[in-house]
1. Which residue out of Thr111, Thr40 is β-branched (Val, Ile, Thr), modelled with pLDDT under 95 and part of a helix (DSSP H, G or I)?
2. Restricting attention to region 71-82, does a residue exist that is surrounded by 15 or more Cβ atoms within 10 Å (Cβ to Cβ) and among the aliphatic types (A, V, I, L, M)?
3. Only one of Glu125, Glu74, Glu54, Glu101 is at pLDDT below 90 and at negative phi; which?
4. Only one of (1) part of a loop (DSSP other than H, G, I, E, B); (2) in contact with a Lys or Arg (Cβ under 7 Å, 6 or more places away or on another chain) fails for Arg8. Which number is that?
5. For region 18-74, give me each residue that is touching a helix residue (DSSP H, G or I) at 6+ places or on another chain (Cβ under 9 Å) and either hydroxyl-bearing (Ser, Thr, Tyr) or within 23 Å of His107 (Cα to Cα) (or both).
6. Glu54 fails exactly one of the following numbered conditions: (1) among the acidic types (Asp, Glu); (2) over 26 Å from Arg98 (Cα atoms); (3) in contact (Cβ under 8 Å) with a residue 24 or more places away in the chain. What is the number of that condition?
7. Return the only residue of Ala28, Ala18, Ala49, Ala23 being assigned to a helix (DSSP H, G or I) and closer than 29 Å to Pro113 by Cβ.
Amino acid sequence: MSRLSHCRGMTLLEVLVALAILAGAGIAGLNVSSEQVRHTERLQQRQLASWLAENQLTTLFLQRVWPPENWQIETREMAGHHWHLRWRGVATTDPGLRALEVEVSLHGDFTAPLALLRSYRIADE
């Protein structure tokens, strides 16, 4: 009996402090995982926009007519979303070189496009 009287357990206050620490760590873990899910969706949108821009750039390179310098706009459906694409030919300081810009937006707002590609091509003679 004297041996048991020397053993102490945790007090209620110590248990509550430990639970509070574990709860705080759990909430922090949930916040991190929700941020990752949100960023994963944004990365997926940027990847799809990049594919659309690359496809449009390839299509324009295969055409023999160079696009005008004013923006050409088109809407396409991909992966359950309506994507807004715009492209234009861009004059350069070198007459033998032409530039082409392609932008892709999800909501039609091109102030911050999800994808922006610029490529150059030797001008046809």
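The values are calculated or read from the model by the stated rules, or taken from the named source; none is laboratory data. Just so it is clear, the structure is predicted and the values come from calculations on it, not from any experiment. Methodologically, a virtual Cβ is constructed for each residue, glycine included, from the backbone with ideal geometry; neighbour enumeration extends over all protein chains shown.
1. On the way: Thr111 fails: part of a helix (DSSP H, G or I).
Exactly one residue qualifies, and that residue is Thr40.
2. Keep residues of region 71-82 that are surrounded by 15 or more Cβ atoms within 10 Å (Cβ to Cβ), which gives none.
No; the residues of region 71-82 include none that is surrounded by 15 or more Cβ atoms within 10 Å (Cβ to Cβ) and among the aliphatic types (A, V, I, L, M).
3. Numbers: Glu74 fails: at pLDDT below 90; Glu54 fails: at pLDDT below 90; Glu101 fails: at pLDDT below 90.
Answer to the selection: Glu125.
4. It fails just one condition, (2).
5. Matches in region 18-74: Glu74 only.
6. (2)
7. Details: Ala28 fails: closer than 29 Å to Pro113 by Cβ; Ala18 fails: closer than 29 Å to Pro113 by Cβ; Ala23 fails: closer than 29 Å to Pro113 by Cβ.
Exactly one residue qualifies, and that residue is Ala49.
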